[in-house]
Each structure stands twice: as C-alpha cells, then as structure tokens.
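Report on the structure given below.
The values are calculated or read from the model by the stated rules, or taken from the named source; none is laboratory data. Note that the structure is a prediction, hence the values are computed from the model and not measured. Counting neighbours? That spans all protein chains shown, and the Cβs are built from the backbone with ideal geometry, glycine included.
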Amino acid sequence: MNLEKVIFGFFVVLACTLNFGFFIGDMTRHELHHPGELFAAVVVNLIALVLKFGDRTQMGAIHLGTSLAACLQLVTAAVLWRWVSGGSDEPVPVSTLATVVSLSGGALVANGVSVVLLIGETLRQSR
Amino acid sequence: MGDILFLVLRRLRAPLIALILIYAISIAGLVAIPGVDAQGQPWRMSYFHAFYIISYTATTIGFGEIPFPFTDAQRIWITAVIYVSVTGWAYALGTVFNLSRDPAFRAAAARSLFVQRVRRLREPYCVVCGYGRSGREVTEALDRLGVRVVLLEVDPQRVALVEVQPFSRLPIVLVADARRPESLRDAGIAKPECRAVIALTDDDETNQIIAIGARVLDPVTRVMARISDARIQDSLAEFGGVQVIDPIHRFAQVLQASMISPIAVQVEQTLSAAPGSPRPTSSSLPRGHWVLAGDARFIQPALKAVLATGQTASASPGEVGEDDLRRAGLDRAVGLVAAASSDADNVGMVSMARRIRPELAVVIRQNKAFNQPLIDTARADRVFRQSAVITPEVLSSLTTPLLARFLDLVRDLPAEEVQRIAALIESVSGDRSPWIWTCELDPAGATLKMLQGEAKSGLRLSELQCDPREPTRSLPMAPLAVLRASDGPGGTDQPGRVAGAHERAAAGGVASESALALRLAPLGRLIRAPLQVRARTGLTALGRTGTLSDEGLPAAQTMRWLPSLDLELAPGDQVLFAGAQDLQFLQRRVLTDPTVIEHLRSGAEPPRSAVFRWWAGRPRH
C-alpha cells in the first residue's frame, strides 16, 4: 500500500462527493443547499488541486486541468453567494441560488472526470 | 474541371448555335403571326409566351395551345417548328453523347478527375508507377499499412484490375505513361504529402526515366526504382538520390548466402516476413558444382555469386535441352538453378534434370503468381519470385529504414554473430516472425532529460525494456541494433560496430541504400495508423526540406548489432527492436511517463506531485 495513493485518492474522491452533496436537490430550495457544504467542497477541491501540482506525467497534467476547472467553478459559486448575500443571514434570491447550484453542478462534472481518471490510471498500471 | 468544361463547350459550339438559331426563328415567327383571343379579337403573342410555347414544343413535351387555341397560320408554323427543333435537339444531344464516348474526351475527363482527387489528398501517400505483379503487391501492402496509393499504369486492362481488388481504400489510378513528366506532376509527386515515388514497371529503362523525372520534378521526394541493368544502375548512381531495388542481384545475394551462411538468409527472411507469419526454416544449399540455366539476365549475376563462394558453376543461357544441361556438367552437379522466363520451361527443366540426377538441389524461378500449383510440383528447395523480394524491400525502407540497414549489415557478419542474432530473435518471438519497430530518441535530448531526471546515470538500453505496469519486470523484446549519429561515449566496449553506411556502400555492392534513404527517416510522417507510428518521443521530426540539406546529413553513423543492455543511450539514438506488437506501445508508455524509470531505479513508486515529493523529503525536481 502506498500512502501517497491513499491520500491522493481520498482527496480526489472527497472533493467529488462533497461537491455532489451540495449540488443534489431542487435548485430553488434553500434548505437543500447548505453554505457550509459548499465551503467544505471549495476547501477540499483546493487541497486536491495543490496535491496535483508538479506531476510531470501526462495523466497528471489532465488531473490538474480537471481540478482547475472544478475549483474555478466552485470558487465562482462561493464568491457569487457572498456577493449577493452581502454577509447577512437573509437567504439569497432564488435566481442567485440556482446559479450557485448550477455552477457547482459544472464543477461536479470536472470532479467526476477526475475520479474517472483516477480509476482508469489505477486499473492501467498494476504496480 | 475547367478544361473539361471548355472542351465540352468547344465541341458543342455548332449544335448550340444551331439550337439558338432554330429557337430565334421559331419565336420570331410565332410573335409575327397574328392570332385571335377567346372572343375572336386579333391578338399577338408576346416574346415570353412564344418562348414558353417553343420550349415545350421543341422538347416534345407539348402542353397544347396556350393561352388561346391557335389559328391555322399559327398551326402551320408550329408544325414546321416541331420538325426543325426536334432535329436540332437530337443533333445537340447526339453530339453530347458522342463526346462522352470519345476516347480522347474520356481520357481528358479521367485525368482531370484524377488531378482533382490527388490535389485534395491531405494524407501521406505513395506514388506507384506500374501495376504489374510487384506493383500490385506493393500497392496491397501499402494499403494494409493504411497508406494511400496513387497509381500510374499505362495499360488500361491492368488498371481495370484495380477496381476488383479488395483494397480498403481504392488507389487513385490514372491510365498514363509515367515516363512523361506531366503524369508524375499530375500524380502529385511534388506535394508535401507525397512520401515516395516507386517505379516498378517491367522495364528497366522506363523505371530509369521515371526515377530521373521524379528527381528533377521534385528533388525532395524519395524515389525508388526497380532496376536490374548494371549500366542503368551506374548512370542512376551518377545522377544520385534514387534508391535502386534490384531483385536479380538480391536473388544472387540470397543464393550466395544460402551456400555460405544459411542462417543469415533465415534471419533476413524472418525479419522481412509479415509479423506473426511462421518463421522460415533454414536450409542450406549444397556446395559443389551448380548448373544455372535460363534467362541470361538472371543467371549471370547468380553465376558470379556462386563462383565467388569458391564453387564451380556453369551457365546455360537461353533455350535449354537435356544436352545443354549435360554439357553444363549436370552429371556431376549438386544443384540446379532454373531461371527461364517461362514457368513451364522451368518446371520441365527441373524434371528433366531430376531424371538424370534425382538428388539434385533445385532453385526455381517463378514468373507468374497463378503458376503456383505448377511450381509446387517441382518441389524445389528454393522458389524465387521477384515480387517477393521487391515488396519487403520497398516496405522496410519506407517504414523501418533502420531494418534495411540492419539487414545489409547482417549479410556481412560472420556466421557466429548471425547465430547470436537469430537466437535473440527466437528468444522473443519463438517460431514466428517478430514485429519490428524503431525506437527513436529525439536528437535534442528532451526525452532523455525527462526520463533521467536529476539522476547522474544516463538511460540504459535495458531500461527501455521494462514493463511500465511493473517496472522491475523486463518485457520480452530484443534490441537488435543501435544506430548512433556519432560515436558518443558509453559504448566503446561494444565489439559489434561497423563504419557508417556511406563507407560500406562505397566498399561494394549495389547502391541499395542511397544517402537519401538515410536522411528521410521518420516513419511517423509516413504512416498515420497507430500501429506503425514509431515510438517517437520528441517532436523534432526533420522538416521536409531540412532533410535534404547536406548539413543535415549524418556524417558518421555507427550501427552496433546486439548492443549490450548496459549501453547508455544518447540523444538521437535509434534502436531497432523485435518483439510482439503490443510491446511497442508499452515501450512508448515508458518513454512518455517519467515515473516508470524512476520506479525501476528506486524500486518503489515515486511520489508524483510536488507536495508528495516534499513530504517524502526528496529534493524537488
């Protein structure tokens, strides 16, 4: 067992699952999309991004690309949420919430690709 | 297409003018003749109406009398118009049909279509001149490799055969004399996509003219020509840049090698055969007195070759009867070469000779592919077909030029070295012919740098053989030879070294490998199909024009056969590998993934990203 692979796999999969957890549910209902979950998804995605820096293999380059895409969308979603709510506890307008959730949906696709890459790479090399 | 339209219009000038006149007179008449409307009032037809009526009348459609029933005067005019205009149309259409069946027109149309299709080609292709037996085999082989073929053949009947062959993509064919420069130009030899011009007609002089024409039209495109005439070979060598394929000389070479070193013949045949085909058995031809009979063009070089091995031989050119064979010493002969240009003659000669000496070894020449059953009855020790020599030679110099050079080398090696090579090949491919590929390291050294990382020691040959899935395991592939641009450090312990190809070519033999062949190496440019793409690692493919500059010519190339696995590779090295086909792809992964070599050297999976490297306490690189 390789500790690097454990940590790497953990963060890549966790990034995807947290993202999914935030995304799932009706886009217009506030009670289904908790800001804390989005925060966690952003943090874990950023960690996964950093873990992918400096990999010289081709697979590593694509890994990094998917993470960049996911982070870009999640950070945009978080910033948008904060911008519209202005720091108050009032729920943001439904249209804003829908945008935030759909952005996280886009990030989910990128995270999905990342997980697929991880699985494919693992299956390909038996070492 | 423009010239075709022009030709059509020129040929149709008379019928078109006739039609216009007929229409004009008819319309004018209809407009001039007064008619009456529904109320019986005088009414004159407009030009538009007249044209409409004449149009449907002249083309025999006949809608009737529109808009009002005609008067008698109008009917008389219309009657006349019908006969004249229908005749006019018949004349025009007849001319068109005649034109379309006119051989000159059809040739022009075919050429125009051909030129267009060639111009639209955006993929690598080869121009093959001559669709005889070897032309067909080369075309088929190129088709199997996924390379488009543009074909020039002078005989329409042979061209018709192309249509019924099961090509995966039909060659673009033109019935044309390839000796004419415009045929070669139309075949697109000057296009950058054109990889080679291969002259394979039956006639040496024709091939010479094609080769020279191709060289003159485009000095960059590679030219191969099948030429057996020594005089023409000399003049072409003088001209330069043409790769000569000489099946007759090759036949003599094989004959000679079969007597001295049958293992070399076996190695050559194993490596030239299609991958996966059963390995040819090595059978030596007996030493002693040989009788060579048949076509003088054929047996003269063979005679020289046999005599060069220190044996006796006598030739009997031309028509051969029993007396001729006896006079040539058949009674004491150990072998017979039957090389007449008729298969029936050859088989007859063999059975005649066998009656006299049943234990005779027989080498027979096969002229026609369909005579295979006939040739089989002769139960010859060797069958020689020209196309069987030409096709592998053309293909290997197009796809793996390194293999062609390696085979040249093998012919000169001592038997025990060849034995080692044969054993190595057998160890990776058993009793089948192996897949051959060239692993080329980019001259700039980017690949090596990436693979070595910070490590001091260079990439070793053995490391190219590791399994990317399990780096400590070594894949069953055999490095047959390493070609190095200049003699770098790290390989001086190698016994197997020969001088550059130029010196060897100058030392003797046909100019089987021109300088051009050395310069136009990259296979990746020739063939797109993934199977054949070399394990190229850099993107430093030589530019098309750059390859011809004399500065780019590798001055001192050295080839090592059976390189030591500890050999340190240098930038620009080319390694010839034999093994299973999928191993080439695994090797490519080794060359593109830096972690494989790292894993192999450290014995553990290397940390891949910066964070994990820092974590592992390794120096960053």
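Report yes if residue B:111 is in contact (Cβ under 8 Å) with a residue 12 or more places away in the chain and surrounded by 15 or more Cβ atoms within 10 Å (Cβ to Cβ), otherwise no.
yes
Can you name the residue in the range A:66-82 that is surrounded by 18 or more Cβ atoms within 10 Å (Cβ to Cβ) and more than 30 Å from residue B:591 (Cβ to Cβ) and, of all such residues, is farthest from the other protein chains (Cβ to nearest Cβ)?
So the residue we want is A:81.
Could you count how many residues in the range B:563-581 are among the polar types (S, T, N, Q) and either within 11 Å of chain A (Cβ to nearest Cβ) or under 31 Å from the mean Cα position of the chain (by Cα) (or both)?
2
Taking the range B:457-473 on its own, how many of its residues are within 11 Å of chain A (Cβ to nearest Cβ) and out of contact with any helix residue (DSSP H, G or I) (no Cβ under 7 Å at 6 or more places or on another chain)?
Within the range B:457-473, residues that are within 11 Å of chain A (Cβ to nearest Cβ) and out of contact with any helix residue (DSSP H, G or I) (no Cβ under 7 Å at 6 or more places or on another chain) number 3.
Residues in the range B:582-621 that are in contact with a helix residue (DSSP H, G or I) (Cβ under 8 Å, 6 or more places away or on another chain), without any contact (Cβ under 8 Å) to a residue 12 or more places away in the chain and more than 10 Å from chain A (Cβ to nearest Cβ): how many?
0
Across the range A:1-36, which residue is surrounded by the fewest Cβ atoms within 10 Å (Cβ to Cβ) among those that are among the charged types (D, E, K, R) and under 18 Å from residue A:67 (Cα atoms)?
A:5
For residue A:98, state whether it is in contact (Cβ under 8 Å) with a residue 12 or more places away in the chain and under 18 Å from residue A:46 (Cα atoms).
no
Pairs under 7 Å by beta carbon, first residue within 14 Å of chain B (Cβ to nearest Cβ) and more than 13 Å from residue A:10 (Cα to Cα) in the range A:108-124, partner surrounded by 16 or more Cβ atoms within 10 Å (Cβ to Cβ) and of a type in the set (A, V, I, L, M), six or more apart or different chains?
Once the first residue is within 14 Å of chain B (Cβ to nearest Cβ) and more than 13 Å from residue A:10 (Cα to Cα) and sits in the range A:108-124, its partners that are surrounded by 16 or more Cβ atoms within 10 Å (Cβ to Cβ) and of a type in the set (A, V, I, L, M) give A:117/A:59; A:117/A:62; A:121/A:59.
Could we say that residue A:63 is within 14 Å of chain B (Cβ to nearest Cβ) and either modelled with pLDDT of 90 or more or buried (at least 22 other Cβ atoms within 10 Å of the Cβ) (or both) here?
Against the criterion (within 14 Å of chain B (Cβ to nearest Cβ) and either modelled with pLDDT of 90 or more or buried (at least 22 other Cβ atoms within 10 Å of the Cβ) (or both)), residue A:63 qualifies.
Among the residues of the range A:21-48, what is the count of those that are within 30 Å of residue A:93 (Cβ to Cβ) and within 14 Å of chain B (Cβ to nearest Cβ)? Give the steps one after another, and end with the answer.
So the first thing to find is which residues in the range A:21-48 are within 30 Å of residue A:93 (Cβ to Cβ), and the list is A:21-46.
Adding the requirement that they be within 14 Å of chain B (Cβ to nearest Cβ) leaves A:46.
Number of matching residues: 1.
Taking strands (runs of 3 or more DSSP E) that fall entirely within the range B:351-459, which contain at least 1 residues that are modelled with pLDDT of 85 or more and within 30 Å of residue B:330 (Cβ to Cβ)?
In the range B:351-459, the matching strands (runs of 3 or more DSSP E) lie at B:361-366, B:382-385.
Of the numbered conditions (1) in contact with a Lys or Arg (Cβ under 9 Å, 6 or more places away or on another chain); (2) away from chain B (no Cβ under 11 Å); (3) surrounded by fewer than 17 Cβ atoms within 10 Å (Cβ to Cβ), residue A:85 satisfies every one except a single condition; which is it?
Status for residue A:85: all satisfied but (1).
Mind checking whether some residue in the range B:317-324 is part of a helix (DSSP H, G or I) and at pLDDT 85 or above?
No - not one qualifying residue is present in the range B:317-324.
Please go through the range A:1-20 and pick out each residue that is of a type in the set (A, V, I, L, M, F, W, C) and away from every other protein chain (no Cβ under 14 Å).
A:13, A:14, A:15, A:16, A:18, A:20
Across the range B:66-79, what is the total count of residues that are surrounded by 13 or more Cβ atoms within 10 Å (Cβ to Cβ) and touching a helix residue (DSSP H, G or I) at 6+ places or on another chain (Cβ under 8 Å)?
Residues that pass the stated criteria total 4.
I need the full set of residues from the range B:34-50 which are surrounded by 10 or more Cβ atoms within 10 Å (Cβ to Cβ) and polar (S, T, N, Q), in order please.
The answer is B:46, and nothing else.
Specify the residue that is nearest to residue B:418 (Cα to Cα); the eligible residues are those in the range B:278-320 that are in contact with a strand residue (DSSP E or B) (Cβ under 7 Å, 6 or more places away or on another chain) and hydroxyl-bearing (Ser, Thr, Tyr).
Out of the qualifying residues, it is B:312.
Here are B:187, B:176: which of them is surrounded by fewer than 23 Cβ atoms within 10 Å (Cβ to Cβ) and either of a type in the set (A, V, I, L, M) or under 24 Å from residue B:113 (Cβ atoms) (or both)? Reasoning before the result, please.
On the way: B:187 fails: surrounded by fewer than 23 Cβ atoms within 10 Å (Cβ to Cβ).
After applying the criteria, what remains is B:176.
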